[in-house]
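Derivation of every value follows stated rules applied to the coordinates shown; laboratory data play no part. Bear in mind the structure is a predicted one, so any value in this text is a computation, not a measurement. Neighbour counts run over all protein chains shown; Cβ positions are idealised from the backbone, glycine included.
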Amino acid sequence: MCNLGLAALTLVLAEAVTGEKLLTPERLKMLALPLAGLFFTLTFAYTTFFHTLYGRTPGKWVTGIRVLDETGNPPRFGRSALRMVLAFVSALPLFAGVAIALFSRRRQTLYDKLTGTYVVRLIEVR
């Protein structure tokens, strides 16, 4: 997200310096699909990689939560990949697949239920 912001800021500054309109509606339409594809690909790869190896992304590590399968281990690659695809799909209809967690006893989203994964909070033992 920061890189997209920096790219936009760069374009705005370039427009100010050159006096030309670089970011036209036509160019935006032309870039929308490739940028969405790039966002999906990078998010998919990043999250699947970290969930498969560690059961958590760096952000989940900071907040003390992990993604685990029914055996209590990080999900394998296939399950992590499917979970990510289903996460994107379940977010499309107004985040309905995520809102299901509000009514689930185990607070599972739709994609967690379908892939047999759980997001758990780690308890620190001192």
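Annotations
- Against the chain, whose longest principal axis is taken from its Cα atoms, helix 77-91 shows a tilt of about 60°.
- Counted by Cβ distance under 13 Å from ALA87, the other residues give a net charge of +2, where Lys and Arg count +1 and Asp and Glu count -1.
- Taking a straight Cα-Cα cut-off under 23 Å and skipping sequence neighbours fewer than 8 places away in the same chain, the lysines within cross-link reach of LYS60 are LYS113.
- Degrees, to the nearest 10: 2-18 long Cα axis against longest axis of the chain: 0
- 15 Å beta-carbon shell around GLU70, net charge (K/R +1, D/E -1): +4
- Cα-based helix-to-principal-axis angle, 25-54 vs the chain, degrees rounded to 10: 30
- Charge tally in the Cβ shell below 15 Å around LYS113, where Lys, Arg are +1 and Asp, Glu are -1, LYS113 excluded: +2
- Cα-based reach from LYS21 at 20 Å (exclusive), listing lysines while leaving out same-chain residues under 8 positions away: LYS29
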